[in-house]
């Protein structure tokens, strides 16, 4: 189960998964295909005895006193196991009543909803009129009305709480795509007001709860499809090898995992916000991504199973039925993507936060003191202060940084968020490598000058013809007295024309295996034999370069790490991991929020989907930071961010071009045009998206490498 990070949540998730496995929830769901499904699941009472229905309710109403986050952990398990019946609408109703119900309603309904003796149905759409004559109206899609003792119905800005056995109320169970859960038509004709309670203004919070809880359930089903597809890719053999070795299969599974993990981050964020009045945007983001992920993964699961996935006896179609049915029901309360767009119109820069432990206050006091001192200095002394105090790179080890743990890093980021702290970029990554693996002399010569902004470095890794294979190195180094003579060519080197030094992977032992005959060297770009030639890109600019090395002398003192261990240096884990929740959602000047001003009313949903993706991408950082703060092993978030960010940027610019129309091609919208052209490189540079999908499938999902390559 993916939502759980803390020990307590993991224990709850494990217990819920084990319970549903013992009681055969998936087999029970399958039985619904051939039955009328008029009874509660056989393990309903057992679920109630475990306290699942009241997990989020106060103990004064018979609940367990936890919250929505714990309920979502259980809902993820129920979605994974395709639990049939009215669990989702029942816990949804009790959450809404707990938030906005009258004292009388809470006393009357919550204890029964908590112990499972009262069952709820929920209507997310419909037309209702309440006046002195009673309740009139109809909804075509009410969840589990045939089981219900009480119905909660969204009506404009209000929520109606209606006795299910009231006079004038008629329920018709409809034919349904998903037989595991009832969908019914509810019609009201002069239902007396004695059977109806109106909760004024509660509809917005109810939509938030619906989107959050449904996203948690959808996530469980999504992950079940990923796991099912992965198992089949490892087991199914064609053409003499598992189909998981085929790149096309790997890319399908990598795409499934990407959508699933973004849904994890978005749902986790919505679930941790206790107040529904503050969780509207987070819930809308979660629902937008949950819809996309659940339907896509259910469809792709069938595709990857081939013919067997199309059979009645396979479980894949059960997940497809649940996906389409659940997402159609959630959509009845309004477009979540449009709600995201409207949320960003109201606040274009929503802050993402993380709860920190008590020791954060000590770090905060020190950080504020350093920030105030830094701001009081003349501009020409500010950077030196950041360097000497360690606040420029707090995640680095001393003496350059503070060896800051994750909590301290997050506090410093928050306190310095409005100040223009220099970004070291590629130069910083290289200097960090030197600070960890360089000799004392190399550290003395190079590290502080980088931090002070006096020198700039570049990476001389890629070579012509090598593509994304960084170990395909032909640049050679021959031993001479006092050092090496290096000859070869590097390409696609960012900012080499502005750099003073570069670190280069060179082959020092041509007879050694591919990854073991490589040495890392620092090359002075002003040295004799170095020729840097900028490459003019399709946007007319020159950020990349070719670098020709013609018998360039590199002294032994400039070899970084051991001779022959350059690949280890290149792949080293650099220093203390930087923890951040503030990374941007795109790599181009054009942002998804800029599209709001360009979008017509009919385009808002599409813009909202992009805003939701960017929001979820930022949440990958927040969730990764949460793991670090709690001392939990890293998850897959960091490995996915680069790929999602690159493709997200291209989606922004693609939509910007479409919304801009002719103006985007005639110089009237230069930011759109320039961003669009530059974004073409983002899915190529630093490892193409295709290669990165292979890595995700192999390193995270555990699919085997292509035997031809091994």
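The values are calculated or read from the model by the stated rules, or taken from the named source; none is laboratory data. This one's a predicted model, so the numbers in the text were calculated from it and none came from an experiment. So basically every Cβ, Gly included, is an ideal-geometry build from the backbone, and we count neighbours across all protein chains shown.
Return the residues of region 597-609 that are at pLDDT 95 or above and either out of contact with any helix residue (DSSP H, G or I) (no Cβ under 6 Å at 6 or more places or on another chain) or not assigned by TED's automatic domain parsing to the domain that holds residue 654 (or both); say none if nothing qualifies.
Of everything in region 597-609, just one residue is at pLDDT 95 or above and either out of contact with any helix residue (DSSP H, G or I) (no Cβ under 6 Å at 6 or more places or on another chain) or not assigned by TED's automatic domain parsing to the domain that holds residue 654 (or both), namely 606.
Exactly one of these conditions fails for residue 642: (1) buried (at least 19 other Cβ atoms within 10 Å of the Cβ); (2) at pLDDT below 90; (3) assigned to a helix (DSSP H, G or I). Give me its number.
(1)
Among 109, 50, which is the only one that is over 27 Å from residue 291 (Cα atoms) and over 32 Å from the mean Cα position of the chain (by Cα)? Can you show your working first?
Values: 50 fails: over 32 Å from the mean Cα position of the chain (by Cα).
109 is the lone residue from the list that is over 27 Å from residue 291 (Cα atoms) and over 32 Å from the mean Cα position of the chain (by Cα).
Test of understanding: among 323, 339, which residue is within 12 Å of residue 281 (Cβ to Cβ), touching a helix residue (DSSP H, G or I) at 6+ places or on another chain (Cβ under 6 Å), in contact (Cβ under 8 Å) with a residue 40 or more places away in the chain and part of a helix (DSSP H, G or I)? Show your work before the answer.
On the way: 323 fails: within 12 Å of residue 281 (Cβ to Cβ).
Result: 339 is the single residue among 323, 339 that is within 12 Å of residue 281 (Cβ to Cβ), touching a helix residue (DSSP H, G or I) at 6+ places or on another chain (Cβ under 6 Å), in contact (Cβ under 8 Å) with a residue 40 or more places away in the chain and part of a helix (DSSP H, G or I).
Please specify each residue of region 332-350 satisfying the condition of being modelled with pLDDT of 95 or more and within 23 Å of residue 82 (Cβ to Cβ).
Across region 332-350, the qualifying residue is only 336.
Can you find a residue that is over 30 Å from the mean Cα position of the chain (by Cα), under 30 Å from residue 22 (Cβ atoms) and not assigned by TED's automatic domain parsing to the domain that holds residue 320 anywhere in region 121-132?
yes
Out of 206, 248, 266, which single residue is in contact with a strand residue (DSSP E or B) (Cβ under 6 Å, 6 or more places away or on another chain) and at negative phi?
On the way: 248 fails: in contact with a strand residue (DSSP E or B) (Cβ under 6 Å, 6 or more places away or on another chain); 266 fails: in contact with a strand residue (DSSP E or B) (Cβ under 6 Å, 6 or more places away or on another chain).
Of 206, 248, 266, the one residue that is in contact with a strand residue (DSSP E or B) (Cβ under 6 Å, 6 or more places away or on another chain) and at negative phi is 206.
State which residue pairs qualify: first residue in the same structural domain as residue 649 (by TED's automatic domain parsing) and inside region 670-681, second residue crowded, with 17+ Cβ neighbours inside 10 Å and part of a loop (DSSP other than H, G, I, E, B) in any location, beta carbons under 7 Å apart, and separation of 6 or more residues or different chains.
Close Cβ pairs (under 7 Å, with a partner that is crowded, with 17+ Cβ neighbours inside 10 Å and part of a loop (DSSP other than H, G, I, E, B)) amount to 671/590; 672/590; 675/588; 675/590; 678/588; 679/588.
From (1) under 30 Å from residue 670 (Cβ atoms); (2) in contact with a strand residue (DSSP E or B) (Cβ under 8 Å, 6 or more places away or on another chain); (3) assigned to a loop (DSSP other than H, G, I, E, B), pick out the condition that doesn't hold for residue 534.
(3)
Among 171, 130, 118, 162, which is the only one that is farther than 24 Å from residue 60 by Cβ and either out of contact with any helix residue (DSSP H, G or I) (no Cβ under 8 Å at 6 or more places or on another chain) or part of a loop (DSSP other than H, G, I, E, B) (or both)?
Values: 130 fails: either out of contact with any helix residue (DSSP H, G or I) (no Cβ under 8 Å at 6 or more places or on another chain) or part of a loop (DSSP other than H, G, I, E, B) (or both); 118 fails: farther than 24 Å from residue 60 by Cβ; 162 fails: either out of contact with any helix residue (DSSP H, G or I) (no Cβ under 8 Å at 6 or more places or on another chain) or part of a loop (DSSP other than H, G, I, E, B) (or both).
Testing whether each residue is farther than 24 Å from residue 60 by Cβ and either out of contact with any helix residue (DSSP H, G or I) (no Cβ under 8 Å at 6 or more places or on another chain) or part of a loop (DSSP other than H, G, I, E, B) (or both) leaves just 171.
From the list 472, 477, 466, exactly one residue is surrounded by 21 or more Cβ atoms within 10 Å (Cβ to Cβ) and either touching a residue at least 40 places away in the same chain (Cβ under 8 Å) or under 23 Å from residue 531 (Cβ atoms) (or both). Which is it? If you could, list the steps in order and put the result at the bottom.
Working: 472 fails: surrounded by 21 or more Cβ atoms within 10 Å (Cβ to Cβ); 466 fails: surrounded by 21 or more Cβ atoms within 10 Å (Cβ to Cβ).
From the options 472, 477, 466, the qualifying one is 477.
Do we have any residue at all in region 286-293 that's surrounded by fewer than 24 Cβ atoms within 10 Å (Cβ to Cβ) and at pLDDT 95 or above?
At the first step, the residues of region 286-293 found to be surrounded by fewer than 24 Cβ atoms within 10 Å (Cβ to Cβ) are 292.
Retained after the next criterion (residues that are at pLDDT 95 or above): 292.
Within region 286-293, one or more residues are surrounded by fewer than 24 Cβ atoms within 10 Å (Cβ to Cβ) and at pLDDT 95 or above.
Conditions tested, residue by residue: (1) closer than 30 Å to residue 16 by Cβ; (2) without any contact (Cβ under 8 Å) to a residue 40 or more places away in the chain; (3) surrounded by 20 or more Cβ atoms within 10 Å (Cβ to Cβ).
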position	(1), (2), (3)
188	no, no, yes
198	no, no, no
214	yes, no, yes
221	yes, no, yes
239	no, yes, no
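Among what's in region 663-710 and is over 21 Å from residue 648 (Cβ atoms) and in contact with a strand residue (DSSP E or B) (Cβ under 9 Å, 6 or more places away or on another chain), pick the residue that is surrounded by the most Cβ atoms within 10 Å (Cβ to Cβ).
Our first condition is that a residue be over 21 Å from residue 648 (Cβ atoms); within region 663-710, this holds for 663, 665-668, 670, 698-699, 701-710.
So of that shortlist, the ones also in contact with a strand residue (DSSP E or B) (Cβ under 9 Å, 6 or more places away or on another chain) come out as 703-704, 706-707.
Working: 703: 23, 704: 15, 706: 15, 707: 10.
The extreme case among them is 703.
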